[in-house]
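The values are calculated or read from the model by the stated rules, or taken from the named source; none is laboratory data. None of the values given here were measured: they were computed from a predicted structure. With ideal geometry, Cβ positions are generated from the backbone for all residues, glycine too; neighbour counts draw on all protein chains shown. Note: accessible area is taken over every heavy atom of the protein model, side chains too, but ligands, DNA and RNA are not part of it. Shrake-Rupley method; radii C 1.70, N 1.55, O 1.52, S 1.80 Å.
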Amino acid sequence: MATPTMEKADAAPEPGFADSPYITVTFRVRRFNSEVSAEATWEDFQLEIDPKERVLDGLHKIKWDLDGTLTFRRSCAHGICGSDAMRINGKNRLACKTLIKDINPEKPITVEPIKGLTVLKDLVVDMEPFFQAYRDVMPFLVTKDTNEPTRERLQSAEDRARFDDTTKCILCAACTSSCPVFWNDGQYFGPAAIVNAHRFIFDSRDEAGEQRLEILNDKDGVWRCRTTFNCTDACPRGIEVTKAIAEVKRALITRRF
Amino acid sequence: MSTTETTASGVGPVEGGSYNVDNPAPYIEAPRQRTKKTPKSTRGNFEMAAWLFMRLSGVVLVVLVIGHLLIQLVLDGGVSKIGFAFVAGRWASPWWQVWDLLMLWLAMLHGCNGLRTVINDYAERANTRLWLKGLLYTATVWTILLGTLVIFTFDPNIR
Ligand code: HEM
Ligand code: SF4
Ligand code: FES
């Protein structure tokens, strides 16, 4: 014997229930597999997805339900680890911080690997040149005092605020791989390395600022920046990247003259 | 579907290569990897000087170029007044000689350095860069020398 509720479920859905939150979205993903072809190709996937979900959820749906060979990096899924920077609808973003509803799901959503780095498979690129530039600027505290510190290195709130913005970097490479100067020859240190140098150059506790400035005075250092502002637009942490680069340029000039 | 099959693998029979697990396609390398062989570069102050020069010469050029355009093209009858006599009259004064000389040098060096950065940013192969820059520097030196020569040796009585 059917209960009233069962009967209702069989009949036309109640008003309000009819409009399910799910919509159909096309993901147009740039695929590359060196074991199949030398060429990268676009592949379309149709998904039923809640527009309040993120692009990363869509990629998960593809990988888990449609095509297990899709390859991409992600770890935290909450905008902290910096693993999943990719070019979504032509802009560098973190897949885990981009909601479907915010990027016009009526049209196919394009997902590509970030540019300027070697594509290893699908959305995975070789990050080595990026981290090479990062290591080059010595992204660690340097002090002349060689003894073990016996107490905390104190710093005033103002001194801490001086470089607060550049402490937020998660090394996702969204900025560096959005920079047209980096795209050309990959020799430019790139915005991320400069941001992380800035974080120590303007830290009152650090004593290797001069050395880092000298490293960035390279012919492929800060002077290659053409103030395109792509990096500032791309940064998922909202860091004012171009401003940080300008501050390093200014520090170089004022220290020389 | 059969047509999409061929594009999905991306390699037509013409290209010949068939890639598999044992014979993977080569990766497209990032343009120039920084390797041990990459020259440990020039940390001189040249790029900083060039960067500063662009801004400083730009500021001076605003005055020189706008002044030049006003005098030549707008004030006092506009272009129609320009002729041999007009140029000869202006270059009789050391003030306009220095003005034009400064404008020549600054604009040429500014434009040359600007194009140098454009070449650095856009030319991909080392050889292309070399040739484009060679052409650029030759043209710049030639124009500066010729212009300077004319300003200093100009003879209003030439016929
Ligand atoms: C009128 C006043 C001028 C100002 C204020 C000015 C300013 C500048 C500045 C600041 C830059 C550097 C841009 C960067 O580093 O990103 C630049 C680049 C450049 N300038 Fe000028 N300039 C002026 C006139 C000229 C003239 C007369 C020429 C041609 C002879 C010229 C040719 C160039 C070129 C080719 C570039 C490189 C373009 C680029 O880097 O995107 N400029 N200018
Ligand atoms: S500055 Fe921003 S965009 Fe660049 S690596 Fe850091 S978090 Fe990513
Ligand atoms: S998965 Fe960690 S930042 Fe997106």
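A few remarks follow.
- 17 Å reach of a label modelled at residue A:162, 7 Å along Cα-to-Cβ, counting backbone N of the stretch A:202-225: A:202-214
- The stretch A:144-200: projected area of the alpha-carbon convex hull, averaged over directions, in nm²: 5.7
- Rg/Rg_globular for the protein assembly as shown, with Rg_globular taken as 2.2 N^0.38 Å and Rg from C-alpha atoms: 1.36
- 20 °C / 1.002 mPa s Stokes-Einstein diffusion coefficient of the stretch A:171-211, Kirkwood radius on C-alpha pairs, µm²/s: 191
- Number of partner chain Cβ atoms within 10 Å, mean per residue of A:222-231: 2
- Estimated Rh, the stretch A:101-257: Kirkwood, alpha-carbon pairs, angstrom: 16.9
- About the centre of its Cα atoms, the stretch B:60-159 shows a dipole size close to 180 debye [charges on the beta carbon of Lys, Arg (+1) and Asp, Glu (-1) only; nearest 20 debye].
- With the gyration tensor restricted to C-alpha atoms of the stretch B:84-159, the semi-axes of the equivalent ellipsoid amount to 34, 12, 7 Å, longest first.
- Chain A - Cys residues lacking any other Cys C-beta under 4.7 Å: A:96, A:169, A:172, A:179, A:225, A:235
- Virtual paramagnetic centre 7 Å along Cα→Cβ of residue B:45, amide N under 13 Å, in the stretch A:241-257: A:252-257
- Gyration tensor (Cα) of the stretch A:20-125, equivalent ellipsoid semi-axes in angstrom: 21, 16, 12
- Accessible surface of residue A:22 - all protein chains present, 1.4 Å probe, nearest 10 Å²: 110
- Overall form of the stretch A:167-236 per C-alpha gyration tensor (a/c, 1.5; a/b vs b/c): oblate
- Across the stretch A:248-253, computed HN-Hα scalar couplings (Karplus, 6.51 cos²θ - 1.76 cosθ + 1.60, θ = phi - 60°) run 5, 4, 5, 4, 4, 5 Hz from first to last residue, x flagging Gly and Pro.
- Put the Cα centre of the stretch B:126-148 next to the Cα centre of the stretch A:182-215 and the gap is 33 Å.
- Top of A:128, A:214, A:158 by mean-square fluctuation, Gaussian network on chain A, Cα under 10 Å: A:158
- Ligands, DNA and RNA are left out, and with a 1.4 angstrom probe the accessible area of the stretch B:49-153 is 63 Å² per residue.
- Using R0 = 41 Å, the C-beta based FRET efficiency linking residue B:96 and residue A:255 works out to 0.55.
- Farthest towards the positive end of the charge dipole of the protein assembly as shown, among the residues A:58, A:27, B:108, is the Cα of B:108, using unit charges on the Cβ of Lys, Arg, Asp and Glu.
- Segments A:198-208, B:137-147 sorted - mean Cβ within 10 Å per residue, highest first: A:198-208, B:137-147
- The length gained by stretching the chain between residue A:144 and residue A:44 to full extension, at 0.36 nm per residue less their Cα-Cα distance, is 30.3 nm.
- With the highest mean first, a sort of the peptides B:102-108, B:61-67 on other beta-carbon atoms found within 10 angstrom per residue produces B:102-108, B:61-67.
- Here's the picture: charge each Lys and Arg Cβ at +1 and each Asp and Glu Cβ at -1 in the stretch B:49-153, and of B:140, B:118, B:150 the one pushed furthest to the positive end of that dipole is B:118.
- Listed residues A:57, A:220, A:19, most fluctuating in chain A (Gaussian network, C-alpha, under 10 Å): A:19
- Whichever aspartates and glutamates have a C-alpha closer than 14 Å to that of residue A:91, once near sequence neighbours (fewer than 8 apart) are set aside: A:102, A:112, A:233
- The residue among B:23, B:77, A:108 whose Cα reaches farthest toward the positive pole of the charge dipole of the protein assembly as shown, with charges on the beta-carbon of Lys, Arg, Asp and Glu, is B:77.
- Per-pair calculated FRET efficiency, R0 = 41 Å: residue B:20 and residue B:145 via Cβ, rounded to 0.05: 0.10
- For the stretch A:20-125, the share of accessible area belonging to carbon and sulfur comes to 48 percent (1.4 Å probe, ligands and nucleic acids excluded).
- For the stretch A:59-186, taking Cα atoms only, Rg and Dmax work out to 18.8, 62 Å respectively.
- Accessible surface buried at the A:B interface totals approximately 3300 Å², computed with a 1.4 Å probe on protein heavy atoms.
- Label positions at residue B:55 and residue A:91, each projected 7 Å from the Cα along the C-beta direction, are separated by 2.9 nm.
- Taken about its Cα centre, the protein assembly as shown carries a charge dipole of about 1860 debye when Lys and Arg each add +1 at the Cβ and Asp and Glu each add -1 at the Cβ.
- In terms of distances greater than 24 angstrom between alpha carbons, the cross-link table entries A:97/A:121; A:107/A:243; A:63/A:107; A:249/B:133; A:52/A:107 yield A:107/A:243; A:249/B:133.
- Inter-part distance where the stretch A:32-80 and the stretch B:74-108 are each reduced to a Cα centre, Å: 65
- Highest-fluctuation residue, A:230, A:92, A:184 considered, GNM on chain A with Cα pairs under 10 Å: A:184
- Each Lys and Arg adds +1 at its Cβ and each Asp and Glu adds -1 at its Cβ; summed about the Cα centre, the stretch A:94-184 shows a dipole of about 100 debye.
- Residue A:152/residue A:210 FRET efficiency (R0 35 Å; Cβ-Cβ; nearest 0.05): 0.90
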